[in-house]
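Undergrad: Sharing a structure below in structure tokens format, with a few things to ask.
The values are calculated or read from the model by the stated rules, or taken from the named source; none is laboratory data. Just so we're clear, the structure is a prediction, and the values are computed from it rather than from any experiment. For neighbour counting, all protein chains shown are included, and Cβ atoms are generated from backbone atoms with ideal geometry for every residue, glycine included. Just the protein is used for accessible areas: all its heavy atoms, side chains included, with ligands, DNA and RNA removed. Shrake-Rupley method; radii C 1.70, N 1.55, O 1.52, S 1.80 Å.
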Amino acid sequence: MPMYSSFCGNSTFWNTSAVEDYWYPKFTECFQETALSYIPCGWLWLTAGFHLAYLARHTRYISLPVTWLHTARLVVAILLCVMCGIHLIMPVIDDTMYTPSFLVDHSLCLATYILACILMVLSRKSGVTSPCIVFLFWLFTLVTRSIPLYTIIFEKVYQTDKLKFYVGIVTFSLIALEFALQLVGDSLVKIVNEAFYKKPCPKMGASYISRLTYTWMHRLVYLGYKKVVVMSDIFDVPGYMQCRYNVPAFMAAWQQELRKKLRTRVVDKSVRNGGLEYANHADKPQANGDVHEPTEKTRLLPETRHSVDVAVVSGDKKGKPSLIRALAKVFFLPLIKAQLVGLIADALLYVNPLLLGELIAYIEDKDQFPKWKGYSLAVGFFVVVFLNSMMSNYRFYTCSNIGQRVKTVLTAAVYKKSLTMNAEARRNFTVGTIVNLMSVDCPRFRDVTAQMYVLISWPVQMCIAFYLLHDALGIAFLAGLVALLFLVPANAGISTMLRRSQARQLVLKDQRIKLVNEILNGVKVLKLYAWEPSFQKKILELRRLEVAQLRKSAILSSFNTLCWLLSPVMMTVTSFVAYVLVTGESLTPAKAFVAINLINNMRVPMNSLPLLISQLVQVQVSLTRLQDYLSGEELDDKDTGISSNEFPIQMRNSTYTWDRTMAPTLQNITLKIPQGKLVAVVGPVGAGKSSLLSAMLGEMEQLTGQSSLKGQVAYVPQQAWIQNMTLRNNILFEKPLEEDFYKKVLEVCALQADIDLLPGGEMTEIGEKGINLSGGQKQRISLARAVYQKAELYLLDDPLSAVDAHVGKHIFQKVIGPDGIIRNKTRVMVTHGVHWLPLVDAIIVMDQGRITEAGSYQELMTHDGPFAQFVRTYLLEHADDEVEDPEVQRMQDEIRQHVDSVTSDEEQIVILRRAKSEIHGKGPLKRTGGIRHKDPKRSVSLQEVLQTPKEATKSKSRNRLIEEEKVEHGQVRSAVYLALLRSFGYLPAFAVCFFLLLYNAANLASGIWLSEWTSDAYLTNETNEGDKYSTKTNTYLGVYAALASVQMIANGAFVMFIFVQMVTASHRLHNAMLNSILHQPMSFFDTTPVGRILNRFSRDVDVLDFSISRQLRLVLQTFFNLLVIVAIISYSTPIFLVVIAPVMVVYILFQRFYIPSSRQFRRLESASRSPIFSNFAETINGASSIRAYKACDRFYLDSQNKVDINNKCAFASDSAARWLKVRLEFLASILVFFACLFAVISTNVSASLAGLSITYALQVTAALNMLVQNMTMLETNSVSGERIVEYIGLPFEPDWIKPNSRPPSRWPDQGRISFVHYSTRYRPQLDLVLKSLSLSVKAGQKIGIVGRTGAGKSSLSLALFRVIEAAGGSIVIDDVDISTIGLHDLREALTILPQDPVLFSGTVRFNLDPFDRHSDEAIWKALDHAHLGDSVRELPGQLEYVCEEGGQNLSVGQRQLMCLARSLLRKTRILVLDEATAAVDLETDTLLQETIRTEFKDCTVLTVAHRLNTVIDYDKILVLSNGKILEFGSPSELLSKTTGTFYSMAKESGLV
């Protein structure tokens, strides 16, 4: 090399003989001064630009003050600059000619050290600790400078040139010191935005080597070993993992996709409503979207549609917005960075076969090589395996974190979409479907992202492997390639069938989760009607169909997996056969074991590929579902800005609809509502009053006209939306507490008396959907929330419907009316009552979706128009109602006078006759008070069924209702594994073990047989040939092929059994859990959020369906493979046992140290997932209220906070797994090193045995990786099994049927009820709620049950149905003690009309008669008597028409009438009314009372009453107080006692 000769003086660049012939590797001076210097310096100069660009766009999460560490690093680097300067002036000092290479070397080093100083300073100022490129620069410098160091030492330069020697020693010492300082993490780290971190992640301040080896996790892992980790122990995720960093970027990318691709009018809607930017801007448009609230006259269900209007695009798939593209825009760069590092790791993996070939050549003839070569090869194996470990872990960890971020942004997008969906989209995506999108589909993207590297790694590794195989076996390698290619089309066909099967399975899963969700929401109705078996049968049928698809998928997956598992075996056999046949030569150790090593390296990508393909198939299905959902229709925003300060609500010729396939709901609406006025909206049932408010809020689709709303809105829906939080927080709604104003709000909304009775006062926790509150309480809390917001516009949808007239009067006067607390605000109030209409500023009269009249009360009463007709109808229907309140009586008299003055006598007589015949002409139960009178203190009461918190006043947490989710501690209990084994089946488990042992025995035998083959002296002698040579070769080849065939068959059977039988196990466990849940008492559902139970039926069941089978297979295969490896290495080099024993001890210690933390992280992750779903369900139910209050941003962020809490558990779990894996792989590197070292130093080990030993030793790393990873995943996913088994093991309620103690077939035939010293409590540790009650009810009597809040009224009705069990005494019905018979025998013999109407998705027939016990004639008769027959007859399919989820297409009144039809169909001798009319309007109340009086006139009726007027004409009144009977007698008898409790209650209600 002439160039180097002139540049380096007399030294050559490379001298092979010098390197190989010396006792140490001697490199030339030119090589040391050029290559060894240029490598680290070139690295820093090439990467500095990228690092500076990274610093420029880096988000600064931490600040790094100047500390001793930074100062020391800079000082040492400056000293190195000084040393470079000394090197440069050495020619002057020594007066010696130095070569140009020497001067360039140290000049370049000087410039590079200065650059390193600059980068360290800039990195510190940017908040970047221990930058990667700087750390690697010092590492490369340390390694390369060690060669000149040992050179000057071995050549004894100190004897000839002391200055050069000492300068070299000092320089290397400074480099070593600098590198040591780089290993130390920053001790002083300050968080930039401390508000986002409760406990900052230690990774943020860790050094690079700490990040690389996950040492920053050590403290948390150790804490988990010492004690049970709780949520507060876990640090927050780093800033780049938080929702606030990832979600905005993804949403911007997704919105860009929508803008580019959606080409219909849905584009504009999606773009406009996509961002929730309106939370704090009162004058901006409303967010829209919720299912409308129809009325009794609305069709039960829309017309059948032939096309689904979800992602409304122009038709072709190319026009759809791409979710993958949006994700790639956000996550592509960090993902590709990890992939590039991973590709280096993949390349390093194939350095091992090259080293193995060199080592075998060295062992075959050790005398030809210097000893240091053998040791260097051993060290080389260690370094390659260690570096591969570091890089592979970096790739997997980074990809896992990116996967978690992908799941995070998709979860946020699903949540956000739920706040903007219109009614059309929500009909296509039920709650069950949306929950599945969040719980199943989003996590699949996380899993596949973590494995996505296989797509790049697989072809790269295959290409390298095939190239090296060609180098080892020549053309014979093509036989192996053909065998591999043969599997590709088979695999592709299987994947296609698998994708279709899983798509069908997901549809069935959606239906199952939807039904489970409905059952959980209506479980009280199921219990009271004894309908559990019918719904259980329906879920089991859906699960059976789902399992059929799962089993089909399992079979296809097993074939898919088997194809890739067998491919290495097939490649080995076919390649060896081809080699022997083509070349006619026998295998040599170098060729055989290098080839096997290469094929073994291919096992990892081949094993990973089927898993990835399976995941990709699932993700493809999930991708389509998510894209359809996220690109679905959103609420339209057509606020035209026509509102003004004078008229904040305006509509001009506006037409609105809930469903474009049906006629418009509102037509030609024109109105102006002045600022500060009270406007009432009245009209008959089904006129469109509630729809008008929804249109104002932007909830409906506007077809024509202009509309606008200006100002902050407060909305009180007809059905109150209550959150699972304290009563105070429900009212504050995140507003700051203003004590005086807050107390005033409680007073005007008549809540203080109720709060005083609550166990925790205003801090009492309210259950999901306000389950521990009555309808009136929920409505007044909803009103109090609206008042506390101090809004400018109040939209009130019949806020007084759930309270009686007395309380209504208080609320109207103190809140809504001219003297109310919001008197200066603009108020629009829908109402069914008329007695307060004279006090409103204006009235809007609606009928059939149109405004028929509008004006002031005085204006509308001047003529016989629609308003006068409405008022007249109302008054005539209630002409005989007794009203004792003088003010209400006076107002009604005045209204009646106005009506009389504008209407004819003839009209009044006709309507009066009709009203009397409808209400009073049928049945003995005459109503005596149509106006709703009620004591404000008793206006609404806590349902006694949920008095548990009240009874537990001695408890520190007495104000809590919802119990914290139980999180297990320690190891997963053996009972869980036993339950899994039992559900798996003992015989299949035995078969699995048998085939696994057979496979590994064949694997072990094939390795030993190959060693014998390649070491056969006769075959290795190239001079031998002939029949004996051929016979021996064919024998070896045949036995090897036979052993390979046994491996394939045994492995195939093993995989098939695992996959298919785990589906069976999951099926059995699901069914057992369902059976257990349906057998739980009501107290379980009262204290357990729906989201927590749904989490079991969705995510945890999904883990059993899919994940555990794969992990169990991998754990078993890898564990036995590890045993085979140890056996073969020990057989080859017995001295290896000396090393493996202590290494295995350390390995076990690491495992024991790590598993407690990992297990607990998983448990906490599962527990922290439930609040996400509970919050999600709560959000869907209250979407219209959230939008009205413009609180979308707040709820959106609150959901993200819950996701961050869940993410920190997952992040800790993943980080701990890497912490362990790095350390175990280091142990594996040591094993490889010693296996090589023993092969080098042993004198009696042949090349074949050495090749066999090292070939299997190189599998230790992969085996340990797979074992640790999958054992951890198996145990952590076993937590899902643990949670399911926990629910299976819950104690059941009493037997549904007692075969040996069944009542007579027609029991009860009379309806006599006797309470004999009856006492009960809700739980064993609580106080009695009913205390020694004794009373008798005769057959056919009508009993009214009254009492103040907490008296025990509802407890009495629940006791009758044995929802709560007796603590003493008994209840006897027609001579049968109800405690002696089964629950279903009892409940099927009784009928109850509950307060909350519950419907299920299914046909009308199913909702009325789930057991198909009644004829069509009987069902139609019940519907006619419930005043629903005509509406149902209009439907296509009539009784077979499918009701929507939760009865969303029905108004509250229609749902209650449907429940009445159920009761009519059952028509038992005993009827219980549990405040059945407490939350319905007057019209529905009239229909209900009329039907009850006529159809149940011969039955025994027990009515839990809040309105005394509904029971004043009953046979007897039962007055309860504190669980005891105060009075029991006829109404006249009790009213005659002027000092009695009933008399005082009647007086307070204005009845006396």
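Undergrad: As an exercise: evaluate V448 against (1) open to solvent by less than 10 Å² (accessible area, probe 1.4 Å); (2) in contact with a Lys or Arg (Cβ under 9 Å, 6 or more places away or on another chain); (3) of a type in the set (A, V, I, L, M, F, W, C); (4) closer than 26 Å to L623 by Cα and give the number of the one condition it does not meet.
TA: (2)
Undergrad: Would you say S187 is at pLDDT below 85 and open to solvent by 70 Å² or more (accessible area, probe 1.4 Å)? Talk me through it step by step, then tell me what you get.
TA: On the way: at pLDDT below 85: yes; open to solvent by 70 Å² or more (accessible area, probe 1.4 Å): yes.
Yes, satisfied.
Undergrad: Answer yes or no as to whether V221 is aliphatic (A, V, I, L, M) and over 30 Å from C109 (Cα atoms).
TA: Taking the combined requirement at face value, the residue satisfies it.
Undergrad: Now a separate question. Of all the residues that make up segment 451-473, how many are over 40 Å from the mean Cα position of the chain (by Cα) and open to solvent by less than 20 Å² (accessible area, probe 1.4 Å)?
TA: Keep residues of segment 451-473 that are over 40 Å from the mean Cα position of the chain (by Cα), which gives 464-473.
The next check asks that each one be open to solvent by less than 20 Å² (accessible area, probe 1.4 Å); those that pass are 465, 469, 472-473.
Residues flagged as over 40 Å from the mean Cα position of the chain (by Cα) and open to solvent by less than 20 Å² (accessible area, probe 1.4 Å) within segment 451-473 amount to 4.
Undergrad: If you don't mind, another one. Go through the residues of segment 767-774 one by one and say whether even a single one is among the hydroxyl-bearing types (S, T, Y) and modelled with pLDDT of 85 or more.
TA: No, segment 767-774 contains no residue that is among the hydroxyl-bearing types (S, T, Y) and modelled with pLDDT of 85 or more.
Undergrad: Moving to a separate point now. Taking the conditions exactly as written (in a helix (DSSP H, G or I) and under 29 Å from K227 (Cβ atoms)), does V1143 satisfy them or not?
TA: yes
Undergrad: Starting from segment 1292-1321, take each residue that is free of Cβ contacts under 8 Å to residues at least 60 places away in the same chain and list its partners that are among the polar types (S, T, N, Q) and open to solvent by 90 Å² or more (accessible area, probe 1.4 Å), counting only C-beta distances under 9 angstrom and pairs at least six apart or across chains.
TA: Listed pairs, sorted by first residue: none to list.
Undergrad: Let me ask something additional. Within segment 218-264, take every residue that is assigned to a helix (DSSP H, G or I) and among the acidic types (D, E) and give me the one that is nearest to the chain's Cα centre (by Cα).
TA: Restricting to residues being assigned to a helix (DSSP H, G or I) and among the acidic types (D, E), the top hit is D233.
Undergrad: Moving on to the next point. Would you confirm whether or not segment 634-641 contains a residue that is part of a helix (DSSP H, G or I), hydrophobic (A, V, I, L, M, F, W, C) and farther than 24 Å from T826 by Cα?
TA: Within segment 634-641 (the criterion being part of a helix (DSSP H, G or I), hydrophobic (A, V, I, L, M, F, W, C) and farther than 24 Å from T826 by Cα), the answer is no, since none of the residues qualifies.
Undergrad: Further, regarding this structure: Can you confirm whether segment 527-537 contains a residue that is part of a helix (DSSP H, G or I), among the acidic types (D, E), touching a Lys or Arg at 6+ places or on another chain (Cβ under 8 Å) and modelled with pLDDT of 85 or more?
TA: Checking segment 527-537: not a single residue is part of a helix (DSSP H, G or I), among the acidic types (D, E), touching a Lys or Arg at 6+ places or on another chain (Cβ under 8 Å) and modelled with pLDDT of 85 or more.
Undergrad: Does segment 407-418 include one or more residues that are among the aliphatic types (A, V, I, L, M) and modelled with pLDDT under 85? Walk me through it before giving the result.
TA: Just the residues of segment 407-418 that are among the aliphatic types (A, V, I, L, M), to begin with: 409-410, 412-414.
Narrowing further to those that are modelled with pLDDT under 85: none.
Within segment 407-418, not a single residue is among the aliphatic types (A, V, I, L, M) and modelled with pLDDT under 85.
Undergrad: Scan segment 695-705 and tell me whether some residue there is in contact with a strand residue (DSSP E or B) (Cβ under 8 Å, 6 or more places away or on another chain), under 29 Å from Y742 (Cβ atoms) and open to solvent by 40 Å² or more (accessible area, probe 1.4 Å). Outline the logic, then answer.
TA: Let us first name the residues in segment 695-705 that are in contact with a strand residue (DSSP E or B) (Cβ under 8 Å, 6 or more places away or on another chain), namely 695-698, 700-705.
Those left that are additionally under 29 Å from Y742 (Cβ atoms): 696-697.
Now drop any that are not open to solvent by 40 Å² or more (accessible area, probe 1.4 Å), which leaves none.
So far as segment 695-705 goes, no, none of its residues is in contact with a strand residue (DSSP E or B) (Cβ under 8 Å, 6 or more places away or on another chain), under 29 Å from Y742 (Cβ atoms) and open to solvent by 40 Å² or more (accessible area, probe 1.4 Å).
Undergrad: Which residue, of E1282, E1293, E1275, is surrounded by fewer than 21 Cβ atoms within 10 Å (Cβ to Cβ), in a helix (DSSP H, G or I) and not small (G, A, S)?
TA: From the options E1282, E1293, E1275, the qualifying one is E1275.
Undergrad: Could you please find all residues in segment 1335-1375 being touching an Asp or Glu at 6+ places or on another chain (Cβ under 8 Å) and of a type in the set (V, I, T)?
TA: Within segment 1335-1375, I1343, T1349, I1371 meet the criteria.
Undergrad: In segment 1302-1328, how many residues are assigned to a loop (DSSP other than H, G, I, E, B) and open to solvent by less than 40 Å² (accessible area, probe 1.4 Å)? If you could, list the steps in order and put the result at the bottom.
TA: Within segment 1302-1328, the subset assigned to a loop (DSSP other than H, G, I, E, B) is 1302-1312, 1321-1328.
Okay, now just the ones that are also open to solvent by less than 40 Å² (accessible area, probe 1.4 Å), so 1303, 1307-1308, 1311, 1322, 1326.
Result for segment 1302-1328: 6.
Undergrad: Name the single residue, out of those in segment 405-429 being surrounded by 23 or more Cβ atoms within 10 Å (Cβ to Cβ) and among the polar types (S, T, N, Q), that is farthest from D628 (Cα to Cα).
TA: Here the answer is T408.
Per-residue answers, yes or no, for (1) surrounded by 23 or more Cβ atoms within 10 Å (Cβ to Cβ); (2) under 42 Å from the mean Cα position of the chain (by Cα):
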residue	(1), (2)
T588	no, no
F593	yes, no
L598	yes, yes
L616	no, yes
L626	no, yes
D636	no, yes
R652	no, no
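Undergrad: Being over 15 Å from S707 (Cα atoms), β-branched (V, I, T) and open to solvent by 20 Å² or more (accessible area, probe 1.4 Å), is that true of even one residue in segment 666-676? Spell out the reasoning first.
TA: Narrowing segment 666-676 to residues over 15 Å from S707 (Cα atoms): 675-676.
Now narrow it down to the ones that are β-branched (V, I, T): none.
Within segment 666-676, not a single residue is over 15 Å from S707 (Cα atoms), β-branched (V, I, T) and open to solvent by 20 Å² or more (accessible area, probe 1.4 Å).
Undergrad: So, in segment 1500-1533, exactly how many residues are at pLDDT below 85, open to solvent by less than 10 Å² (accessible area, probe 1.4 Å) and among the hydrophobic types (A, V, I, L, M, F, W, C)?
TA: Final tally of qualifying residues: 4.
Undergrad: Determine, yes or no, whether S801 is touching an Asp or Glu at 6+ places or on another chain (Cβ under 7 Å) and crowded, with 22+ Cβ neighbours inside 10 Å.
TA: Yes: the conditions hold for S801.
Undergrad: Let me confirm something: among R1163, R1194, R1187, which residue is in a helix (DSSP H, G or I), modelled with pLDDT under 85 and among the basic types (K, R)? Full working, then the answer.
TA: Working: R1194 fails: modelled with pLDDT under 85; R1187 fails: modelled with pLDDT under 85.
Exactly one residue qualifies, and that residue is R1163.
Undergrad: Any idea which of I1241, I1180 is among the β-branched types (V, I, T), within 30 Å of V1139 (Cβ to Cβ) and surrounded by fewer than 23 Cβ atoms within 10 Å (Cβ to Cβ)?
TA: After applying the criteria, what remains is I1241.
Undergrad: Condition (residue is surrounded by fewer than 19 Cβ atoms within 10 Å (Cβ to Cβ) and either over 19 Å from K1208 (Cα atoms) or touching a Phe, Trp or Tyr at 6+ places or on another chain (Cβ under 9 Å) (or both)) applied to segment 230-239: is it met by at least one residue?
TA: No, the conditions are met nowhere in segment 230-239.
Undergrad: Find the strands (runs of 3 or more DSSP E) located wholly in segment 1487-1532 whose residues include 3 or more that are in contact with a Lys or Arg (Cβ under 9 Å, 6 or more places away or on another chain), hydrophobic (A, V, I, L, M, F, W, C) and on the phi < 0 side of the Ramachandran plot, and list them.
TA: Qualifying strands (runs of 3 or more DSSP E): 1500-1504.
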